[in-house]
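Structure record follows, encoded as structure tokens.
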Amino acid sequence: MRSIILSFVWITFYLGGCSDQDPESDTQNTETAFIEVEKSEDLVIDDRFSSKDRDVVKIFADFEKPIATFPTIEQREAVTQKNGRLYRKDLWDEPFTGTVIENFSDGSLSLKTSYYRGLPHGQQVRNFSDGQRALEANFDQGVLVGVKSRWWPNGVIREEAYWSEGKYIGRRLWDRTGRLIKEEITPQS
């Protein structure tokens, strides 16, 4: 379990890092890394939680080409319509597919979310102002799936919330030192 989480965190940092490589080749390497890490069909947390949701590799496969080849826009350039889908301002003919970012006042990345046909689809990553990871979640056509993780500013895991088929299953909470302080996981039948 711990090795899966550490591998996932490593891959996430790899995805969020800056690179001088061509974006398309970088995305192909990232997709390969995900395939190597994610081997099982279901995510299982100690027999009480398993997710029937698609994994990140399958979710990103919905994009016709690598996500890095789609546009990246700032949050202020996006509008959510009454149909619940996100559109790029002044481009109302088609829901947005690509990446939406928010930056802190100093220009560093605050939030990065991938969208497919106007819905969150793939990863959402939020950072603290110092660049440290604050939150990581995965979406499948607007639905939260798998494990949503949050960290304390010191880098210690703060919370893991478990989701399957659009339903909240439970969570684990840790204090700032990494000590597990609460666990609430609904047993699944």
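The values are calculated or read from the model by the stated rules, or taken from the named source; none is laboratory data. All values reported here derive from a predicted model rather than from experimental measurement. Positions of Cβ are backbone-derived with ideal geometry, glycine not excepted, and every protein chain shown enters the neighbour counts.
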Among the numbered criteria (1) more than 25 Å from Phe63 (Cβ to Cβ); (2) over 16 Å from the mean Cα position of the chain (by Cα), which one does Trp92 miss? (1)
Sort out which residues of region 110-153 are part of a loop (DSSP other than H, G, I, E, B) and either among the β-branched types (Val, Ile, Thr) or surrounded by fewer than 18 Cβ atoms within 10 Å (Cβ to Cβ) (or both), and write them in order of number. Arg117, Phe128, Ser129, Asp130, Gly131, Gln132, Gln141, Gly142, Trp152, Pro153
Name the residues in region 81-109 that are loosely packed, with under 15 Cβ neighbours inside 10 Å and among the basic types (Lys, Arg), would you? Lys82, Lys89
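Could you list, in sequence order, all residues of region 67-106 that are among the polar types (S, T, N, Q) and in contact (Cβ under 8 Å) with a residue 40 or more places away in the chain?
Of everything in region 67-106, just one residue is among the polar types (S, T, N, Q) and in contact (Cβ under 8 Å) with a residue 40 or more places away in the chain, namely Thr69.
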In region 94-111, what residues are under 13 Å from Gln75 (Cα atoms) and in contact with a Gly (Cβ under 6 Å, 6 or more places away or on another chain)? Phe96
Any residue in region 43-66 that is surrounded by fewer than 21 Cβ atoms within 10 Å (Cβ to Cβ) sitting within a Cβ distance under 6 Å of a residue that is aromatic (Phe, Trp, Tyr) and at pLDDT 85 or above? List the pairs, counting only those 6 or more apart or interchain. Asp62/Tyr116
